[in-house]
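The values are calculated or read from the model by the stated rules, or taken from the named source; none is laboratory data. Since we're looking at a predicted model, the values are computed, not measured. Don't worry about glycine lacking a Cβ; one is built from the backbone with ideal geometry, like all the others, and counts go over all protein chains shown.
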Amino acid sequence: MTALLTEKALLTTVVDALGSPLGVVLPQRLADNVAAFRAVYSRHHLTGQIFYAHKANRSNALVRELAATDAGVDVASLAELQHALGAGVDPGRIVATGPKNREFLWLAARAGVIVGADSTAELAELASLVDEHGLPRTRVMVRLSGFASAGVHLDSRRSRFGVSATAFARAVNLIEEHAAALDLVGVAFHLDTIGMAEKALALEGCLTALDECRRRGLRPWSVDIGGGFGVDYLADAAQWDAYTSALTAAVLGKRTPLTWDGHGYGLRAEGGTVRGSLNLYPAHRPVSGAAYLDRLLGMDAPAQRRPLGALLLDNMCDLHIEPGRALLDQCGLVLAAVLEVRDEDNGDTVVRLDCNARDVSLEEHGVLMDPVVVHRGAPGGAGPVGVYLFGNLCLEADLISRRKVFLPSRPRAGDLLAFVNTAGYFMDFSATRALRQPIGRKVAMFRDDGGWRWCLDEQYWPIRVRTEAS
Amino acid sequence: MRIDSLTEAVGNTPLVRIDPAVHGLRHVDLFAKMELLNPFGSVKDRAAWTMARPLLDGAVQRGDTVVELSSGNTAKALAVIAGMHGLSFKSVTNRMRIPEIKDLLLLLGAEIDELPGQSECLDPTDAEDPLTRMHQRLSASGGGYVHTDQYFNGLNVDAHLQGTGPEIVKDLGGRAPDYFVACVGTAGSSTGVATALRRHNPDVRVLGLVADKSDFIPGIRTIDEVHHVGLFDPAVYDVIETITADDAIDGLLTLVRRCGTLAGPTGGGAYQGAVRHLRAVDAELTERRTAVFIVCDRVESYLSYLRERRPELFGQPPRRNSVRTLTDADVAEASTIGVAGAQRWVTQRRGIVIDLRSPVAYRALHIDGSINIVDELFAELLHGGLPFGRRQPVLLVCPVGEKSARYAALLRRMGHRDVSSLDGGIIAWRDAGGELVRD
Ligand SMILES: Cc1ncc(COP(=O)(O)O)c(C=O)c1O
Ligand SMILES: Cc1ncc(COP(=O)(O)O)c(C=O)c1O
């Protein structure tokens, strides 16, 4: 990605041709990210599937590239399933998760993908579909939630999805009743937390559930621990510490504001002390991605007091994971054209961009990352400048970032801002056509023959066009 | 001294001079206020007792549970005090990071609630953090809780304004020290003492110590975190400096090894921070000065914290017969047998089959006739020598055949003649359709 940012001519040409904003995906990086997770599997002697959580990006190129690796795909909608199948992902390497309608269930069963069921009702619906339509016996995993802890009471955030340990017995009854339609292959969870203790508790809970299955004579062999491995968006811990300290001081009025209208990102001042908590993604996360998985597997199970990785092995379990964000680390950026740079009377400098906060949804996800300026010519002024980034919607709230962004040099109209490392969730997850503004186009960029090449995202396949040697 | 309740023994701790040969300051008499000698083990006994006392009668009548947001000493003291009055105690915390304290609280009968970690997919509409929500739930009346609220309760300061501070003045012959140094957690002790001392001498210089942001020192806050503390008033401190976990441990080692003071990390941090600050001043001084720092609690609860950060302090001699000392060549020489061979071995009952997996996994499914000795226990047994005869045939089984090969190599090195490892482990056995049973 760093290399790509020096290709000014290439970047400005594609934005001129295809418009702003423009999503750029870098599919070649995926294989490295998959390999990093695989290395952790090897270290723990574990087998199992790495399912890419498709929801993190709508790109074709990324899924097609992934079809060429040994990874699978976690699809959470009918269209995502169609897309994964169309991209060449083997149905045996697809898991369908999330809320599902009948069409989604039908295609999942028809194609032979694993169905990660959220509830007993979903299992019942699937079983009746399979029976009615003469579909093949379908592999299912049951998603669990609400894990109970012993000793210390560990609060986990309440989840809309999954069955509790008590309801699990009912789900298994149902699967046993419909043994011709449903084949229980494992249990699953996905917890929306960065906390490892909750995941350790959940993983051990899954092992307990598998034990219950074995007691009943069933033989599921898999535990799917979902996603949420995180990304280290900011490598330098000192920068993050300095910024959060300065933000706290700004909220207390002890320094000049760092944000639009003194926005506190969850913090507020009350009688000279700060209340609330910082509602931001912890940008500096040295233990993230594959390293997070490694740490989790090395952690002791709370009750059995043996490392979770060893327990999975002891129980002969395959470990499945569904990383979205972490698998897309360094796999893309969003380019946006600068429409105007203006100095306001109160001293603020404003950069208006031809994109909106939905196109680069960093703010919505609480991730603070500075964009990189791609100048067409000379900078608009020497030295760093603190600016606010405005979007192209006629909404007061349409700020790409409510934080003042300090750019190393002043941009001019026509320059580009490159929002780096935005492939996971910030590129198109929230994009809308409000005000009939276009949703950004997407291109894939890749290295071939020692140079950068690009094509429209939908044109990308993991093979290279070759001209015949004369 | 005869008393009716240990709560009467809270406070009146000694003020002890630190040997100048240890701290090396030429013009400063340095004293430690030995809060670790409080009956429940820390400076927080004072705050806990002062805050809880007025609430106890009502709580006993209603059968309320005492609640506090604490992952350390306050929880410990409150758990004891609640127990003495037949009440339950619940501690709500972000993370219990010190295992000894967590175990101690459970031993004392406390209930511990850990709040969930931050959300991975941030939900920006979730304006209220779990802590704030918990706070609202606790302060709603009639909920069956009394909340001591140490971060906002003025009695936390009063405990030191009436107790710790005046005791220091009395022990210094009616004078306040020139310098006062304390670590800041809830700010109760530093604020209370500083206020009491300044009543005697407005010129007392107060040094507040907070943890470096990238570090964790149990019991105190970082510079950002102190701003969340209701009792924290920056005007109390002439200077606020940061200390690292390394500083705290260096100080702790000086106190425990040279000063007969079994201090925990914040006591060590206060000593180290005080000496560092005063050393700069010392060079300029012509007259004698006195300085006081607080030793908050005891070292025993922090052994795992210390072991994690300074493993060399616990250097133990390597143990005999450890798989860690095997070379790759040793392991390569271990005898292995494949699934088919193992199946014959098992049906012919050639010898003992030892399954090294966890007991729960073994109970769920295992090879018929095998016995379970989990690898950690097996390792422990082998440190003592062979637990069976040299000629007793043994087949070792683990998940993928990796650990069992290492133990087979170790047994061989220990002189065993007939040990093999199941190649590919029980997973290969399963994949080949080998029979697995549960009892
Ligand atoms: C079931 C499930 N799996 C996987 C993921 C991917 O999470 P992440 O991108 O944080 O790895 C999600 C995210 O919402 C999810 O709901
Ligand atoms: C070990 C330890 N040291 C220091 C302190 C700081 O004391 P205070 O809360 O009065 O600032 C605490 C308080 O929680 C503590 O537990």
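Some points to look at:
- Each residue in region A:208-237 was checked for being within 8 Å of chain B (Cβ to nearest Cβ) and either more than 16 Å from ligand 1 (Cβ to nearest atom) or farther than 26 Å from A:I114 by Cβ (or both), and 5 pass.
- Residue check for B:A187: more than 18 Å from B:L278 (Cα to Cα) and within 12 Å of ligand 2 (Cβ to nearest atom): yes
- Of the residues contained in region B:198-205, none is found to be over 25 Å from the mean Cα position of the chain (by Cα), at pLDDT 95 or above and near ligand 2 (Cβ under 9 Å from one of its atoms).
Listed here are the residues, each with its yes/no results for (1) surrounded by fewer than 20 Cβ atoms within 10 Å (Cβ to Cβ); (2) in contact with a Cys (Cβ under 9 Å, 6 or more places away or on another chain); (3) over 21 Å from A:T422 (Cβ atoms).
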| residue | (1), (2), (3) |
| --- | --- |
| A:Q239 | yes, no, no |
| A:Y243 | yes, no, no |
| A:K254 | yes, no, yes |
| A:L267 | no, no, yes |
| A:E270 | yes, no, yes |
| A:V274 | no, no, yes |
| A:P286 | yes, no, no |
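- Verdict on A:G98 being within 16 Å of ligand 1 (Cβ to nearest atom), within 14 Å of another protein chain (Cβ to nearest Cβ) and outside any helix (DSSP H, G or I): yes
- Checking each residue in region A:141-150 for being away from ligand 1 (no atom under 15 Å from the Cβ) and touching a residue at least 60 places away in the same chain (Cβ under 8 Å) picks out A:S149, A:A150.
- When the test is whether a residue is of a type in the set (S, T, N, Q) and more than 22 Å from B:I427 (Cβ to Cβ), B:Q392 passes it.
- Matching entry among B:E225, B:E167 (being charged (D, E, K, R) and either touching a residue at least 40 places away in the same chain (Cβ under 8 Å) or near ligand 2 (Cβ under 9 Å from one of its atoms) (or both)): B:E167
- Residue ranges of helices (runs of 4 or more DSSP H) in region A:1-93 with at least 3 members free of Cβ contacts under 8 Å to residues at least 60 places away in the same chain: A:8-18, A:29-43, A:78-86
- Boolean, A:L280 is surrounded by 19 or more Cβ atoms within 10 Å (Cβ to Cβ), of a type outside the set (D, E, K, R), touching a residue at least 12 places away in the same chain (Cβ under 8 Å) and not in a loop (DSSP other than H, G, I, E, B): no
- Selection from region B:189-198 of residues that are in contact (Cβ under 8 Å) with a residue 40 or more places away in the chain, crowded, with 24+ Cβ neighbours inside 10 Å and either within 16 Å of ligand 1 (Cβ to nearest atom) or more than 14 Å from chain A (Cβ to nearest Cβ) (or both): B:S189, B:S190, B:V193, B:A194
- The single condition among (1) out of contact with any helix residue (DSSP H, G or I) (no Cβ under 9 Å at 6 or more places or on another chain); (2) over 30 Å from B:M134 (Cβ atoms) that A:V172 does not satisfy is (1).
- Restricting attention to region A:248-275, the residues being at the interface with chain B (Cβ under 9 Å from one of its Cβ atoms) and closer than 28 Å to A:G324 by Cβ number 1.
- Residues of region A:312-363 satisfying the condition of being away from ligand 1 (no atom under 16 Å from the Cβ), part of a loop (DSSP other than H, G, I, E, B) and either touching a Cys at 6+ places or on another chain (Cβ under 6 Å) or within 27 Å of A:D16 (Cβ to Cβ) (or both): A:D354, A:C355, A:N356, A:A357, A:R358, A:D359, A:V360, A:E363
- Entry remark, region B:257-271: residues being within 15 Å of ligand 2 (Cβ to nearest atom) and surrounded by fewer than 24 Cβ atoms within 10 Å (Cβ to Cβ) number 2 in total.
- Some residue of region A:326-334 being within 13 Å of chain B (Cβ to nearest Cβ) and buried (at least 19 other Cβ atoms within 10 Å of the Cβ): yes
- Of all residues making up region A:167-207, the number that are part of a helix (DSSP H, G or I), modelled with pLDDT of 95 or more, in contact with a Lys or Arg (Cβ under 8 Å, 6 or more places away or on another chain) and within 14 Å of chain B (Cβ to nearest Cβ): 0
- Some residue of region B:222-235 being away from ligand 1 (no atom under 16 Å from the Cβ) and more than 14 Å from chain A (Cβ to nearest Cβ): no
- In this entry, A:R157 passes the filter for residues that are within 14 Å of chain B (Cβ to nearest Cβ), in contact (Cβ under 8 Å) with a residue 24 or more places away in the chain and of a type in the set (K, R).
- Residue that is nearest to ligand 1 (Cβ to nearest atom) [pool: residues in region B:22-71 that are hydroxyl-bearing (S, T, Y) and in a strand (DSSP E or B)]: B:T65
- Region A:119-140, residues that are part of a loop (DSSP other than H, G, I, E, B) and free of Cβ contacts under 8 Å to residues at least 12 places away in the same chain: A:G134
- Residue count for region A:209-265, restricted to those that are under 20 Å from A:F147 (Cβ atoms) and not in a loop (DSSP other than H, G, I, E, B): 10.
- Strands (runs of 3 or more DSSP E) fully within region A:393-470 counting 2 or more residues that are of a type in the set (F, W, Y) and more than 16 Å from ligand 1 (Cβ to nearest atom): A:451-456
- A single member of A:G391, A:G386, A:G380, A:G366 is within 14 Å of chain B (Cβ to nearest Cβ), of a type outside the set (A, V, I, L, M, F, W, C) and either buried (at least 20 other Cβ atoms within 10 Å of the Cβ) or over 14 Å from A:F419 (Cα atoms) (or both), and it is A:G366.
- Scanning region A:288-325 for residues being farther than 30 Å from B:P359 by Cα and crowded, with 23+ Cβ neighbours inside 10 Å gives a total of 3.
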